[in-house]
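The values are calculated or read from the model by the stated rules, or taken from the named source; none is laboratory data. It should be emphasised that the depicted structure is a prediction, and the values quoted were computed from it without experimental measurement. Counting neighbours? That spans all protein chains shown, and the Cβs are built from the backbone with ideal geometry, glycine included.
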Amino acid sequence: MLWQYVQWYKEAAISVEVNVKYLQADPKTGVLRYRRAFPVALRPFVRADAVPLSELKVSLGVRSMNEPGAKARHDAAAAKYDQMIARATQLANGVYDRLDPPLIEFLANNYLHQQLVLDEASRWRQPLPDVPFETRRDREADYEESRELLDDHDVDGLLDYWRDWALAYTQAMGYVFDTSKPEFAMLCRAFGEAACKLWLAIDKRNDRLAAPTPEAPTEPPKAVATKTEVAPTRLAPSEEEKSFEDIAWGLIDNPRLGMKEGVKEHVRTGLRFVREALGQPGPSQLTRAAVSQLLDLMAQRPARLPYAQQTLDLRELADRYRDQPEVRRMSARTMEVRLSALSTVWKKGVKEGAIDPDLPNPFVNREVVETQRQEKTAKGFSPGELQAYFRMPPFQDGYRPVRGKGEAIFWLPLIALFTGARPEEIAQLLVADIFQRKDDGRWLIRFTDEGFHPVKGPQTLKTERYEVGRREFPIPQALVDLGLLDYHTHLQNDGQSALFPLLRLKGKRGGLYDSFGGWFGPYIYDQGVLQRNSGRQPVREFRHTWTTAARNCGIAKDARVYIQGRTSSGPRSSDDDYGEFSGLGNQIDRLQFKVDIVALVPRWRPPA
């Protein structure tokens, strides 16, 4: 009897191990993980943080498939892989699920139901049920932000706030939606409304009032997916060769080749344009004629796109903007940079044996001219523009919209004006970067890459690779008169370490300013301070303004370079590397503008 039991156990164990696939043990820990490669043709459509994935790797948290729960985790990983493949196949074929009002209602109510289920389990100290999507971390912030946007009827704001999570959520639910359609914006609005209902229910529970969890909604029948209209059939490599994109990814990911990150970024964008215009051509199909088609479409792409249109490809954008000649297009310089990056990859492919050396490089010796010359109308703000800028409600009436990120909407532009610093350098400032000088008690401001921001992590400087950019200098008296030191004390009393604690990371490069500037720029245009499509930058323009004023006030060039953290142009001598530069910062006391900002802007007061 015992022998039969042992034999049965062995057979059961073997059957478990045989029935699972794509297992790999971590060489250091021995923990098993599910690891499975994606088909080459679908990799551009399987992404994480905008970077195509070549495989799925999921830790199973066990060292043997005989451990409890191992098979279930394996099957969940396999299901996730199948789901990602299905979604990538739809995207590759331009096929999207139809998003209609019943489905919008279901998705929003399902989110509300699941979140309340999780909250209830947490209160009863029960194991949290598994949900297929990433849960929101700050429900109160979702409520505050969504309520403000809903009150303002700001559909674009709701789309901006919820878009990334909504994409991940709907993907986890098995849907693929076209984010450029108005229905997706309505879905984001529904999530905003659900977030408000959720927090009000949680608030009731916190006050020990009844707030029952609603029944799980019923998923409506899946509508027939529709194919987005696209232009002619796109290229695909033959069975004998890899696609140019697949070759390129292998080259830029090869550490031996040492491609710089800046070049890699241009290559990634160039590959995306190739895919959008031509599909997945192999090197033999990338003829000069094919690249000419690519360039023609790139030349029609607008220089700046509304957020909702950033997922549209080159062909769709060319169709949409064909009858809008007034829109500024991609510059010749940008096109040349993309071509140069793709040409670099082609040359490396030839050297590495991935591309036939007899094939001509289709990216070299191309003629790219400026099709729509549109110079910037000015460098810096005129006195009239400065007056219009600082007469806006955030500076006059204490207006603090949620997307203005608290006091950032007031102080970030003012610091940019009076210091000439870059927007990201200001956004990452710490409370500790405003301090008193020991010898005379003068208050200083510091721009550095040596601090640690609670959200961003290590501070960065654009010029750090040149070992310049670190600087400290007296806080301009105008900022003191406007209440900057009062704001500094307010943050200290509140226990904050960041000068702008509501800023969050956003964008491919993980910057703090983007979480504010993406909304603030359009706000400046809406207020009529600057004209849209003029090439003017609503905050960075202050660097030009500062430099002009500094020149007019007689601030020496080396002091201007130091205060703004720039690299010095022109010939250098050994004298340039001697001595300390901090004394140059004292020249900022000479700075004056033609507009009296202190008289124009009321002194800052702590928020109610």
(message) Please pick out the residue among Glu385, Glu370, Glu326, Glu276 that is more than 30 Å from Asp164 (Cα to Cα), modelled with pLDDT of 85 or more and out of contact with any Gly (no Cβ under 9 Å at 6 or more places or on another chain).
(response) Glu385
(request) State yes or no: is Ala201 assigned to a helix (DSSP H, G or I), outside the structural domain of Val46 (by TED's automatic domain parsing) and closer than 19 Å to Pro220 by Cβ? (result) no
(request) Among what's in the range 95-124 and is among the hydrophobic types (A, V, I, L, M, F, W, C) and more than 18 Å from Gln171 (Cα to Cα), pick the residue that is surrounded by the most Cβ atoms within 10 Å (Cβ to Cβ). (result) Leu116
(message) I'd like the full set of residues that are under 24 Å from Ala41 (Cβ atoms), modelled with pLDDT of 80 or more and of a type in the set (A, V, I, L, M, F, W, C), limited to the range 216-256.
(response) Phe244, Ile247, Ala248, Trp249, Leu251, Ile252
(request) Scan the range 84-133 residue by residue and report those that are more than 23 Å from Lys181 (Cβ to Cβ) and in a loop (DSSP other than H, G, I, E, B). (result) Trp124, Arg125, Gln126, Pro127, Leu128, Pro129, Asp130, Val131, Pro132
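Tell me the strands (runs of 3 or more DSSP E) entirely within the range 1-76 that contain at least 2 residues that are at pLDDT 85 or above and either within 30 Å of Leu271 (Cβ to Cβ) or in the same structural domain as Val267 (by TED's automatic domain parsing) (or both).
Working: elements: 23-25, 32-37, 55-59.
Those strands (runs of 3 or more DSSP E) span 32-37, 55-59.
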(request) Quick one: Leu305 ticks every box in (1) surrounded by fewer than 18 Cβ atoms within 10 Å (Cβ to Cβ); (2) in contact with a helix residue (DSSP H, G or I) (Cβ under 8 Å, 6 or more places away or on another chain); (3) in a helix (DSSP H, G or I) except a single one, so which number is it? (result) (3)
(request) Please name all residue pairs, on different chains or six or more residues apart, with Cβ atoms under 6 Å, provided the first residue is in the range 393-409 and is farther than 17 Å from Ala427 by Cα and the second residue is modelled with pLDDT of 95 or more and of a type in the set (Val, Ile, Thr). (result) Pro394/Ile409; Phe395/Val601
(request) Tally the residues that are surrounded by fewer than 17 Cβ atoms within 10 Å (Cβ to Cβ) and more than 14 Å from Arg329 (Cα to Cα), restricting the search to the range 308-319. (result) 3
